[in-house]
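Report on the following structure.
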Amino acid sequence: MNAAALLDRRRRYFATGATRPVGWRRGQLDALRRLLTEREQELTAALEEDLGKSRTEAFLSEIAVVRAELDFARRHLARWMAPEKIAVPGGLRPGRAWTQARPLGVVLIIGPWNYPLQLVLAPLVGALAAGNAAVLKPSELATATSAVLARLLPLYLDTDAVTVIEGGAEVSSDLLAQPFDHVFYTGGERVGKIVMKAAAEHLTPVTLELGGKSPAVVVGGDLRAAARRIAYGKFMNAAQTCVAPDYILTTPAAAPALAEALADAVQDFYGTDPRTSGDYGRIINDHHFDRLVGLLDGGTVVSGGRHDRAERYIEPTVLRDVDPDSPLMQEEIFGPLLPVLEVEDLDAAIRFIGARPHPLAAYLFSDRAEHLAAFTERVQAGGLAHNVCTIQLAVPGLPFGGVGASGTGSYHGRQSFVTFSHLQPVFSKPAGVDTLRLAYPPFGRVKRVL
Ligand code: NAD
């Protein structure tokens with residue numbers, strides 16, 4: 001079926017109103033929940049095939065995240081759908097005002113390859129909770145996951161409302177040429193611009209979940225604890241995580257000990273040869289492998305650095321003596337290279353971050369309340385976290401999204417419902433006595449109130 005015909009069919013189904021009742025929405029959310037439970041083995045096997053993810057990591061970082069979103073939406077759906085009363089000023093009374101969440105229609109969800117299941121199904125939770133029909137286009141680079149989603153979703157969900165279309169840039173462009181009611185895109189900045197331009201043709205609103213260089217600033221507290229939390233957030237999924245710390249800013253006094261503690265944490269997690277660890281992933285393809293190996297020249301490798309193209313394996317690697325103007329510090333790394341840069345203090349770190357495009361996330365490691373307050377007040381990023389990294393995404397009620405170069409719009413929890421809804425305002429005055437007559441022209445004439 002071509003893209004125009006597909007959209008037309010989904011639109012006609014949407015127009016019947018079938019997707020609007022709370023019962024349909026709950027039914028779809030429950031069916032998706034069942035799919036994740038009953039097909040967990042197939043799903044984790046696909047993720048392992050695509051990214052060498054351990055089954056445990058695939059469960060925790062993909063399936064469990066979607067399940068948490070589903071459970072949260074299921075629990076709060078009735079309240080989210082309820083009309084919200086708005087106060088009416090005296091001059092307009094009698095009258096009532098409220099907003100009523102309406103589904104947008106047929107939405108397009110385009111996913112990336114790094115969390116190929118989570119990043120199409122978590123938005124789908126919002127789309128279904130809000131009562132939309134949806135077309136999903138998973139990443140063609142995560143071939144096995146794309147195929148398993150295309151096979152399984154129709155077995156569980158309403159096939160008149162939800163469709164998975166597989167394919168790459170060409171298929172994506174065909175879909176984007178259609179007047180969807182919303183486009184939800186997760187991926188890189190370059191394609192983000194293409195998506196936004198294509199959507200502009202139809203004035204289709206977009207959510208762009210992009211990436212960027214997310215910093216982790218370490219200026220206090222227990223360095224070894226910070227190193228373990230950073231190594232965990234960075235090297236999961238072989239550091240192909242949009243909110244992974246891209247680089248570290250720390251003081252010259254702390255840098256040597258922090259670099260050493262990072263190497264120790266890597267060894268604790270993945271052993272002396274992470275290549276043999278079943279818990280450490282692989283780079284998605286040769287292109288990204290070559291790109292990452294090229295970035296190694298940007299600094300001095302102080303731990304890790306081994307790599308093998310045949311396996312697309314790159315060891316968790318810590319670098320120091322990094323040139324801020326090197327490609328390592330100019331592009332989003334999106335792989336297991338972790339540069340440690342030195343700055344005088346927290347203030348210098350905040351200025352360093354502020355001089356660059358807004359990142360998707362920014363992390364501060366410190367035990368001083370004034371540090372946490374200053375960082376929270378002065379750093380603009382999609383999201384902030386104190387003394388952890390990456391796992392803030394596991395809080396289902398916390399909105400997630402970028403700002404500026406790292407994206408536009410957000411989702412997770414209620415924000416997903418809002419993203420996929422139109423909060424339609426309604427003002428309702430009783431018919432009868434014309435209480436607006438004072439406002440009518442001609443304005444010079446004296447009018448009687450009643
Ligand atoms: P990508 O931009 O290459 O591809 C993403 C999607 O866009 C794929 O489905 C692909 O088929 C499609 N696409 C590719 N070329 C296209 C074109 N010319 N026209 C239309 N569609 C096209 O992104 P990626 O490499 O898969 O993902 C990595 C990037 O995504 C990183 O920058 C990362 O930070 C970001 N990311 C962001 C989040 C987030 O939630 N904010 C999550 C994961 C990844």
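The values are calculated or read from the model by the stated rules, or taken from the named source; none is laboratory data. Treat the numbers as computed from the prediction; the structure is a model and nothing was measured. Here the Cβ is made from the backbone with ideal geometry for all residues, glycine too, and neighbour counts use every protein chain on show.
Need the failing condition index for residue 20 against (1) touching a residue at least 60 places away in the same chain (Cβ under 8 Å); (2) among the basic types (Lys, Arg); (3) in contact with a helix residue (DSSP H, G or I) (Cβ under 6 Å, 6 or more places away or on another chain), just the number.
Residue 20 satisfies every listed condition except (3).
Quick one: would you say residue 121 is within 16 Å of the ligand (Cβ to nearest atom), part of a helix (DSSP H, G or I) and within 18 Å of residue 414 (Cα to Cα)? Spell out the reasoning first.
Details: within 16 Å of the ligand (Cβ to nearest atom): yes; part of a helix (DSSP H, G or I): yes; within 18 Å of residue 414 (Cα to Cα): yes.
Against the criterion (within 16 Å of the ligand (Cβ to nearest atom), part of a helix (DSSP H, G or I) and within 18 Å of residue 414 (Cα to Cα)), residue 121 qualifies.
Can you tell me which residue within the stretch 420-448, out of those that are hydroxyl-bearing (Ser, Thr, Tyr) and out of contact with any Pro (no Cβ under 8 Å at 6 or more places or on another chain), is modelled with the highest pLDDT? First the steps, then the outcome.
Initial filter on the stretch 420-448 (hydroxyl-bearing (Ser, Thr, Tyr)): 421, 428, 435, 440.
Subset that is out of contact with any Pro (no Cβ under 8 Å at 6 or more places or on another chain): 428, 440.
Numbers: 428: 97, 440: 89.
Ranking the candidates gives 428 first.
Pull out all pairs, ordered by first then second residue, where Cβ-Cβ is under 6 Å, the residues are six or more apart or on different chains, the first lies in the stretch 275-301 and is more than 28 Å from residue 325 (Cβ to Cβ), and the second is at pLDDT 95 or above and surrounded by fewer than 17 Cβ atoms within 10 Å (Cβ to Cβ).
Going by the 6 Å Cβ cut-off, the qualifying pairs are 277/271.
So for the stretch 275-293 (the condition being modelled with pLDDT under 95, in a loop (DSSP other than H, G, I, E, B) and farther than 29 Å from residue 401 by Cα), does at least one residue qualify?
The answer is yes; a qualifying residue exists.
Among the numbered conditions (1) within 28 Å of residue 171 (Cβ to Cβ); (2) in a loop (DSSP other than H, G, I, E, B); (3) under 26 Å from the mean Cα position of the chain (by Cα), tell me where residue 20 comes up short.
Failing condition for residue 20: (1).
If you take the residues in the stretch 391-419 that are more than 11 Å from the chain's Cα centre (by Cα) and part of a loop (DSSP other than H, G, I, E, B), which one is modelled with the lowest pLDDT? Show your work before the answer.
We begin by selecting, within the stretch 391-419, every residue more than 11 Å from the chain's Cα centre (by Cα); these are 391-392, 394-398, 403-405, 413-415, 417-419.
If we keep only those that are part of a loop (DSSP other than H, G, I, E, B) as well, we get 395-398, 403, 413.
On the way: 395: 90, 396: 83, 397: 90, 398: 96, 403: 98, 413: 97.
Per the stated criteria, the residue is 396.
Considering only residues that are farther than 18 Å from residue 404 by Cα and near the ligand (Cβ under 10 Å from one of its atoms), which ones fall in the stretch 179-205?
Scanning the stretch 179-205 gives a single hit, 198.
Across the stretch 133-176, which residue is nearest to residue 102 (Cα to Cα) among those that are assigned to a strand (DSSP E or B) and within 11 Å of the ligand (Cβ to nearest atom)? Spell out the reasoning first.
In the first step, residues of the stretch 133-176 are kept if they are assigned to a strand (DSSP E or B); the result is 133-137, 162-164.
Imposing the further condition that a residue be within 11 Å of the ligand (Cβ to nearest atom) reduces the set to 136-137.
Details: 136: 21, 137: 24 Å.
Checking each candidate, the answer is 136.
Looking at the stretch 236-273, which of the residues that are polar (S, T, N, Q) and away from the ligand (no atom under 14 Å from the Cβ) is farthest from residue 371 (Cα to Cα)? First the steps, then the outcome.
Narrowing the stretch 236-273 to residues polar (S, T, N, Q): 237, 240-241, 250-251, 267, 272.
In the following step, the residues that additionally are away from the ligand (no atom under 14 Å from the Cβ) were identified as 250-251, 267, 272.
Values: 250: 13, 251: 14, 267: 30, 272: 35 Å.
Once the filter is applied, the top-ranked residue is 272.
Using the structure shown, decide if residue 399 is over 30 Å from residue 68 (Cα atoms) and either without any contact (Cβ under 8 Å) to a residue 12 or more places away in the chain or within 16 Å of the ligand (Cβ to nearest atom) (or both). Step through it out loud before you land on a result.
Numbers: over 30 Å from residue 68 (Cα atoms): no; either without any contact (Cβ under 8 Å) to a residue 12 or more places away in the chain or within 16 Å of the ligand (Cβ to nearest atom) (or both): yes.
When the stated conditions are applied, residue 399 does not pass them.
Kindly establish whether residue 43 is under 22 Å from the mean Cα position of the chain (by Cα), more than 26 Å from residue 151 (Cα to Cα) and part of a helix (DSSP H, G or I). Give the steps one after another, and end with the answer.
Numbers: under 22 Å from the mean Cα position of the chain (by Cα): yes; more than 26 Å from residue 151 (Cα to Cα): no; part of a helix (DSSP H, G or I): yes.
Taking the combined requirement at face value, the residue does not satisfy it.
Assess whether residue 428 counts as being among the polar types (S, T, N, Q) and either buried (at least 16 other Cβ atoms within 10 Å of the Cβ) or within 14 Å of the ligand (Cβ to nearest atom) (or both). Show your work before the answer.
Working: among the polar types (S, T, N, Q): yes; either buried (at least 16 other Cβ atoms within 10 Å of the Cβ) or within 14 Å of the ligand (Cβ to nearest atom) (or both): no.
Taking the combined requirement at face value, the residue does not satisfy it.
Go through the stretch 73-99 and report how many residues are part of a helix (DSSP H, G or I) and surrounded by 12 or more Cβ atoms within 10 Å (Cβ to Cβ).
Start the filter on the stretch 73-99 by keeping residues that are part of a helix (DSSP H, G or I), which leaves 73-81, 90-92.
The next check asks that each one be surrounded by 12 or more Cβ atoms within 10 Å (Cβ to Cβ); those that pass are 73-74, 76-77, 80-81, 92.
Going through the stretch 73-99 one residue at a time, the tally reaches 7.
If I filter the stretch 402-411 for residues that are among the β-branched types (Val, Ile, Thr), surrounded by 16 or more Cβ atoms within 10 Å (Cβ to Cβ) and within 29 Å of residue 221 (Cα to Cα), do I get at least one hit? First the steps, then the outcome.
First pass over the stretch 402-411, keeping only residues among the β-branched types (Val, Ile, Thr): 403, 408.
Filter once more, so that each one left must be surrounded by 16 or more Cβ atoms within 10 Å (Cβ to Cβ): 403, 408.
Keeping just the survivors that are within 29 Å of residue 221 (Cα to Cα) gives 403.
Yes; the residues of the stretch 402-411 include at least one that is among the β-branched types (Val, Ile, Thr), surrounded by 16 or more Cβ atoms within 10 Å (Cβ to Cβ) and within 29 Å of residue 221 (Cα to Cα).
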